[in-house]
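J.: I have a structure here, written as structure tokens, and I will follow up with some questions on it.
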Amino acid sequence: GNAKQEIVILASDRWRRGKMASHGWLVNRKSDREVDLKLDGTGVVSDVEVQRRSAKLVEVMSTLSIAPRSPLWITVDCAERGFGDQGMAALCEALVAIRRPKMFPRLLFYRLRLTDASMPHIAKVLQVYEGGVTELHLSHNAITNEGARHLIVKEVIEQYPIPVKAGLYKPLWLRLEQCSVNKRLNLPEWMYTPEKARMKPQPDCPALQVPHLDLAVPRENAHERRPRETRAPLPQSCPPGHGHVLQLQQSPPQAMRSRGVTPSSAPSSSPCSAAASPALAGPAAAVQVSNVISPAAAVPARDSPTLPSYPPG
């Protein structure tokens, strides 16, 4: 009896911190609130194998013995393992199954064989976690504009930006470079920023940060900005990333005065558009305004070189 009890204690101490392989997953428990999950092994993993391991993910999470009300930051790393859409569908179902309150995943799905068929399953994960997903890395996959549109539906966009602390927010870090996503995606300026450096928490930021990609197309009436909308103050007892209801607090003139700009001095034109896409009309309008400047507007135009003229012949 005493020997058995000692074994249980040693096993629980090991799970509190350290690495352990379980059902095809390498679990690295960095602390009581931070866990890394990675597909065990190296090289390409087949879709069938990913389906088998995904079915065991609920059992793997149950062994962590995390308090129900304790926040958990979890990284799911399946990058560079070569599986495709069928494996991703099974993995997304498992991520939905292990979802719990105050759980904030970081999803690393780059350099796989994903196509547009995987995007509805990933979009469902974003919706289920209600703004808890802090990073979604999908670069180096066969994703087109059609697939990317599944990730920017109103049910997803209205969950972001993420409240970090009282009055400070961060956008969803969305990586889509080296895919077939281009300007024809036509995102409005208020929704995203293409800044390469990850944004620090700030009072005013867009819903998405898609580095290295300028997806906005200049339109007319670009000077018309959306009303500034903020989420309710973040309670001190909630961890960073906890979702809140959007509330309209300031009209456009008041929002400009809060940033030190008077309505009369507001710019009359902008290279970026503030018009929302038709798919995001209605409730999707409850998203914060960004102060994003298009890279095309930030880089000064260069004079074309003058070629020398030569006599005929």
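J.: What is the calculated FRET efficiency for residue 62 to residue 146, with r their C-beta to C-beta distance and R₀ = 45 Å, to the nearest 0.05?
T.: With a Förster radius of 45 Å, E is 0.75.
J.: Please go through the residue pairs 38/200; 30/200; 19/56 and name each one whose alpha carbons sit more than 19 Å apart in this structure. Walk me through the intermediate numbers first.
T.: Numbers: 38/200 27 Å; 30/200 24 Å; 19/56 17 Å.
Listed pairs above 19 Å: 38/200; 30/200.
J.: Express in nm, to one decimal, how much length is gained between residue 202 and residue 23 on full extension, taking 0.36 nm for each residue of separation and deducting their alpha carbon distance.
T.: Value of the extension gain: 60.4 nm.
J.: I've got another one for you. Go ahead and run the numbers for FRET between residue 52 and residue 80, Cβ-Cβ distance against an R0 of 22 Å, rounding to 0.05. Could the numbers behind the result be given before it?
T.: Numbers: r = 19 Å, r/R0 = 0.88.
After rounding, the FRET efficiency stands at 0.70.
J.: Okay, moving on. Cβ under 15 Å from residue 117's Cβ, residue 117 left aside: what net charge do those residues give with Lys, Arg +1 and Asp, Glu -1?
T.: With Lys, Arg at +1 and Asp, Glu at -1, the net is -2.
J.: Can I ask one more? Give me the number: length gained by fully extending residue 180 to residue 99, i.e. 0.36 nm times residue separation minus the C-alpha to C-alpha distance, one decimal in nm.
T.: Gain on stretching residue 180 to residue 99: 26.1 nm.
J.: Also, I was wondering about something else. Which values of log₁₀ I(q)/I(0), to two decimal places, follow from the Debye formula for segment 88-154 at q = 0.15, 0.18, 0.22, 0.28 Å⁻¹ with a uniform point scatterer at every Cα?
T.: Listed by q, the Debye log ratios stand at -0.44, -0.63, -0.95, -1.44.
J.: Can you give the accessible area of residue 33 in Å² (nearest 10), computed on protein heavy atoms with a 1.4 Å probe?
T.: Looks like 120 Å² after rounding.
J.: Would you check the accessible area of residue 64, probe 1.4 Å, heavy atoms only, in square angstrom rounded to 10?
T.: Residue 64 exposes around 0 Å² with every protein chain in place.
J.: A further question on this structure: Counting only heavy atoms of the protein chains, get the accessible area per residue of segment 121-224 (1.4 Å probe) and round it to a whole Å² value. Please report the intermediate quantities before stating the final value.
T.: Working: 4190 Å² over 104 residues.
In whole numbers, segment 121-224 has 40 Å² accessible per residue.
J.: Further question on the same structure: Per q in 0.10, 0.11, 0.12, 0.22 Å⁻¹, report the Debye log10 I(q)/I(0) for segment 91-209, using one uniform scatterer on each alpha carbon and no solvent.
T.: -0.28, -0.34, -0.41, -1.42
J.: Taking the Cα centre of segment 112-210 as the origin and placing charges on Cβ (Lys, Arg +1; Asp, Glu -1), which of 118, 142, 163 is farthest toward the positive end of the dipole?
T.: Checking the options against the dipole of segment 112-210, the answer is 142.
J.: Now, a different point. To check my understanding: the extent here is largest minus smallest coordinate of the Cα atoms along each principal axis. What are those three numbers for segment 147-205, in Å, largest first?
T.: Result for segment 147-205: principal-axis Cα extents of 37, 26, 16 Å.
The values are calculated or read from the model by the stated rules, or taken from the named source; none is laboratory data. Predicted, not measured: the structure shown is a model, and the values here were computed from it. Heads up, the Cβs are rebuilt from the backbone with ideal geometry, glycines too, and the neighbour counts pull from every protein chain shown. The protein model used for the area step is the full one, side chains on, heavy atoms only, and it has no ligands, DNA or RNA in it. Shrake-Rupley method; radii C 1.70, N 1.55, O 1.52, S 1.80 Å.
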